[in-house]
Amino acid sequence: HKNPMTQKSLFERSVHKCFELTIVFDLFRKILHRNFFKEKSILKQELDFGKVTLDFGCGSGPYSVIFQKEKYIGVDIDAKNIEFAKKKYEKEFMLIDNKNNLKSVGSNVQQIFAIDVFHHLPDNIVKECVREFAKVLPKNGKVLILEHFPAGQQTNILGRLLMTFDRGKNIRLKEELSEFFAGSFVVEKSYEYYAAGVRDYTLLLKKKR
């Protein structure tokens, strides 16, 4: 008999390989998240659309559609995502290196959002991201983060299943993630929500100085 763990690993590898195709992953997420209705509503509620906004880890760029062209910059470390986004949306998208150096975005960024990004990053890269955010943003600049609760804290089967097979292996509680920002930012708001059957949370942070 085949080892169940081997079968699971093979299935997981197959899913991840499939999702490496930007067009496939983009379509899957759009269907699952109802075209990101909940996430977009949170962005509209928490951000000032009159300010220049950085979409950190923009992926294929689905959130760019709710911003004016001159108010949006999307960055990602995946060249395939950036290429896909540039072709699909008439917005500014930039490739950054894996050290998350944001010097290339210029000095006009006034707020940042990151949706389902940090659970893909190890602790040392999260710390670097926080330093880069603090450099880029002006005093009182905002950071809006949307993230998943771990599989063990999901409240339904779908949520637990999706988190079990999620490609990100650094899923953190909101208290754990907010601790990385404690030196340069304060938490203004934090609340839970559900999207695509998954229990998620929002952190709205403000730069101290």
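The values are calculated or read from the model by the stated rules, or taken from the named source; none is laboratory data. None of these values were measured; they are calculated from a predicted model. Positions of Cβ are backbone-derived with ideal geometry, glycine not excepted, and every protein chain shown enters the neighbour counts. With ligands, DNA and RNA removed, areas are computed over all heavy atoms of the protein, side chains included. Shrake-Rupley method; radii C 1.70, N 1.55, O 1.52, S 1.80 Å.
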Would you rank Ser178, Ser64 by solvent-accessible area, highest first, keeping every protein chain in place and using a 1.4 Å probe? Ser178, Ser64
Protein chains only, probe 1.4 Å: how do Leu162, Leu102 rank by accessible area, largest first? Leu162, Leu102
Spatial extent of segment 122-161: Rg and Dmax, with the Cα atoms as the point set, Å: 15.1, 42
Size of segment 78-134 as Cα extents on the principal axes (Å, biggest first): 33, 26, 19
Express the Stokes-Einstein translational diffusion coefficient of segment 123-192 in µm² s⁻¹, to the nearest whole number, given a Kirkwood radius over alpha-carbon pairs, 37 °C and a viscosity of 0.692 mPa s. 240 µm²/s
Between Lys139 and Glu90, Cβ-based FRET efficiency (R0 45 Å, step 0.05) works out to 0.90
Phi-based couplings in Hz for segment 73-85 (Karplus 6.51, -1.76, 1.60; Gly and Pro marked x): 9, x, 10, 7, 8, 9, 4, 5, 5, 5, 4, 4, 5
Once the Cβ-Cβ distance between Lys69 and Tyr191 is put in as r, and R0 is 30 Å, what FRET efficiency do you end up with, to the nearest 0.05? 0.50
Would you mind pulling out the separation of the Cα centroids of segment 72-99 and segment 143-209, in Å? 23 Å
